[in-house]
Amino acid sequence: MPTGKVRFYDAEKGFGFLSSDDGGDVYVRASALPAGVTSLKPGQKVEFGVVAGRKGDQALSLRVVEAPPSLSKAQRKSPEQMAVIVEDLIKMLDGLGNGYRRGRHPDGRVGTKVATVLRAVADELEL
């Protein structure tokens, strides 16, 4: 069974193209996708059956071999960058803690900024 990677897939239009490992493009329709799969992502590794159609090769059935590469992990900050961010976050939270020790809640704008930074760091850590 031929293998390749997804070059392009438009879930709304229900078709796309695969780049075969043997060379060349293979047209794929939504009807060739396995049960439960509604879309394909570029770079995803697949196996497929091929039939010669009027306009070239077309995938008959498709099996997803490998999950698509994670773009978020590819764009993840380096450990050195994260070390600086975490150190700055500690300083910011330390200042916030000092205010609480003095019996004061942070100003609304400051609280919003700190919460935004905390969410961003949490998102980076969850990847």
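Please find, among 84, 114, 65, the residue that is modelled with pLDDT of 90 or more and surrounded by 13 or more Cβ atoms within 10 Å (Cβ to Cβ).
Numbers: 84 fails: surrounded by 13 or more Cβ atoms within 10 Å (Cβ to Cβ); 65 fails: modelled with pLDDT of 90 or more.
Residue meeting the stated conditions: 114.
Give all pairs with beta carbons closer than 9 Å in which a residue from segment 47-66 that is closer than 15 Å to residue 7 by Cβ meets a residue that is aromatic (Phe, Trp, Tyr) and at pLDDT 90 or above; count only pairs at least 6 apart in sequence or on separate chains.
Note: pairs meeting the criteria are 56/27; 57/27; 58/27; 59/27; 59/48; 62/48.
Can you pull out the residues in segment 1-28 that are under 20 Å from the mean Cα position of the chain (by Cα) and part of a loop (DSSP other than H, G, I, E, B)?
Result: 11, 12.
Look at residue 45 and say whether it is under 26 Å from residue 126 (Cβ atoms) and among the basic types (Lys, Arg). Quick ask: steps written out before the conclusion?
Values: under 26 Å from residue 126 (Cβ atoms): yes; among the basic types (Lys, Arg): yes.
Criteria met by residue 45.
Within segment 9-30, is there a residue that is of a type in the set (Ser, Thr, Tyr) and loosely packed, with under 15 Cβ neighbours inside 10 Å? Talk me through it step by step, then tell me what you get.
Our first condition is that a residue be of a type in the set (Ser, Thr, Tyr); within segment 9-30, this holds for 9, 19-20, 27.
Still in the running and loosely packed, with under 15 Cβ neighbours inside 10 Å: none.
Within segment 9-30 (the criterion being of a type in the set (Ser, Thr, Tyr) and loosely packed, with under 15 Cβ neighbours inside 10 Å), the answer is no, since none of the residues qualifies.
The values are calculated or read from the model by the stated rules, or taken from the named source; none is laboratory data. Here the structure is a predicted model, which means the values were calculated and not measured. FYI the Cβ positions are ideal-geometry reconstructions off the backbone, even for glycines, and counts take in every protein chain you see.
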